[in-house]
Amino acid sequence: VIGANTDKTCLSPSIRTLSTATGYQKAGEPFITELKKMLGSEKVNTKLPVLEAHGRDESYHEVRTPEVVVFAKTEDDVVRVVQLCQQHQVPLIPFGTGTSLEGHISAVEGGVSLDVTPMNTILEVNSEDMDCLV
């Protein structure tokens, strides 16, 4: 999050490039086919109701759908999708529960919505720190 700081010099080169880029690529069929080969077609969805659900939050903003939704089940799924999106300069929007009030999940440039809701196994509970690892 950049916040109110408009001085981009404090950002790493990769973030600075992404925050000012206008050259995002569309996901397109070859990219989606590559996702399906990499993760399995059961984790990749391009059906309109699913796309609309991942482009809508609790805000007043209009629905802006991603081109594809990936349901990550493992950390490796997440890493592979992030790397592929970076390699092809395809926008990536993380999706948790879709309850944003500010339009955070709106896929303004299309791209991939990375849904992590299938990653729901509790791995560790730390009562002293009052947190858990999912």
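Modelled spin labels at D129 and Y24, positioned 7 Å past Cα toward Cβ, are 3.3 nm from each other.
Report the net charge of residues surrounding T99, where surrounding means a beta-carbon distance below 14 angstrom and charges are Lys +1, Arg +1, Asp -1, Glu -1.
The answer is -3.
The chymotrypsin sites (Phe, Trp or Tyr not before Pro) found in the stretch 39-134 that occupy coil by DSSP, while having at most 12 further C-beta atoms within 10 Å, are Y60. Could you tell me whether the stretch 51-134 comes out rounded, prolate or oblate from its Cα gyration tensor? Rule is a ≥ b ≥ c as square roots of the eigenvalues, rounded for a/c under 1.5, then prolate if a/b exceeds b/c, otherwise oblate. Note, shape of the stretch 51-134 comes out oblate.
Rolling a 1.4 Å probe over the protein heavy atoms gives the stretch 51-104 an accessible area of 58 Å² per residue.
Packing order of peptides 81-93, 116-128, highest average first: 81-93, 116-128 (average count of other Cβ atoms within 10 Å over each peptide's residues).
The values are calculated or read from the model by the stated rules, or taken from the named source; none is laboratory data. Small disclaimer: the values here were computed from a predicted structure and weren't measured. Please note: Cβ atoms are built from the backbone with ideal geometry, for glycine as well, and neighbour counts cover all protein chains shown. Protein only, heavy atoms only, side chains kept; ligands, DNA and RNA dropped before computing areas. Shrake-Rupley method; radii C 1.70, N 1.55, O 1.52, S 1.80 Å.
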